[in-house]
Amino acid sequence: MSMTMIIYATKHGSVENAVKLLTEKLEGKVTVINIMNEDPPELNEYENVILGGSIYVGKIQKRLSKYIEKHLSELLTKRIGLFICAAQEEGIREKELIESFPEKLFEHAVCKEIFGYEIHYDDMNFIEKKVVGAILGHKSNYSELSDAKIDSFAQAIRA
Ligand SMILES: Cc1cc2nc3c(=O)[nH]c(=O)nc-3n(C[C@H](O)[C@H](O)[C@H](O)COP(=O)(O)O)c2cc1C
């Protein structure tokens with residue numbers, strides 16, 4: 001049976017929703033860890049490791065980056081999938097995806113994807129609402145996660 005660990009970071013829950021969709025599409029045992037709340041267990045028994053987070057002012061969550069930096073050599077021995085949730089326009093989002101992970105891990109990964117994004121407007125503070133309104137043009141809750149992209153990502157991990 002294949003063993004997959006998903007380690008993710010989220011602020012408002014979009015990544016968590018994407019991970020729920022992804023988990024349903026994977027086979028075997030899947031362990032899901034929100035790194036904002038708990039430390040991931042040892043990786044040794046897992047063959048697949050999926051790492052993902054969301055982008056705030058151009059950057060993925062620091063907690064996830066630090067974990068990756070610390071475990072890079074072990075991660076390079078696994079089948080890796082990398083993803084982000086990000087709301088910027090095409091081109092910028094691709095750059096954000098590349099810059100969110102170490103180059104070696106990015107090249108090693110069997111799949112890397114932008115799953116889309118959500119705006120959890122009701123959950124945001126005053127400043128976040130201003131930023132989202134001014135830069136992204138959203139003034140209410142919004143969801144644009146791509147089921148097709150999550151599906152092909154899951155297929156690539158399963159292959
Ligand atoms: C204050 C703020 C700043 C953001 N900055 C960026 C950004 O620089 N680039 C981007 O692509 N998306 C940006 N976003 C959009 C988030 O990445 C997107 O809403 C994502 O789905 C949030 O994921 P989460 O709910 O898991 O935290 C920003 C959102 C907020 C609220």
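Below, the figures for the structure above:
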| read-out | value |
| --- | --- |
| Dipole magnitude of the chain, debye to nearest 20 (Cβ charges: Lys/Arg +1, Asp/Glu -1, about Cα centre) | 260 debye |
| Under 5 Å, built H, 5+ apart or other chain: amide partners of GLU118 | GLU144 |
| Mean-position separation - Cα centroids, segment 90-109 and segment 1-69, in angstrom | 16 Å |
| Low-density loop cleavage sites - trypsin sites (Lys or Arg not before Pro) in segment 65-143, where at most 16 other Cβ are within 10 Å (DSSP) | LYS139 |
| Segment GLN88-GLU74, length gained on full extension (0.36 nm per residue, minus Cα span) | 1.9 nm |
| Those residues of segment 75-90 whose amide nitrogen sits under 19 Å from the label point placed on ASP39, 7 Å along Cα→Cβ | 75 |
| 26 Å Cα-Cα reach of LYS104 towards lysines, excluding residues that sit fewer than 8 places from it in its own chain | LYS59, LYS62, LYS66, LYS70, LYS78, LYS95, LYS112, LYS149 |
| PHE126 paired with SER143, simple spin-label distance in nm, labels 7 Å along Cα-to-beta-carbon | 3.0 nm |
| Considering only the chain, percent of DSSP beta bridges that pair antiparallel, nearest 5 | 20 percent |
| Contact order normalised by residue count of the chain, Cα under 8 Å, 6+ apart, percent | 24 percent |
| Selected from PHE126, THR31, PRO102, residue furthest toward positive end of dipole (segment 3-158; charges at beta carbon) | PHE126 |
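We did not get these values from a lab; they are worked out from the coordinates using the rules stated. What you see is a predicted model, and the numbers here were worked out from it, not measured in a lab. With ideal geometry, Cβ positions are generated from the backbone for all residues, glycine too; neighbour counts draw on all protein chains shown.
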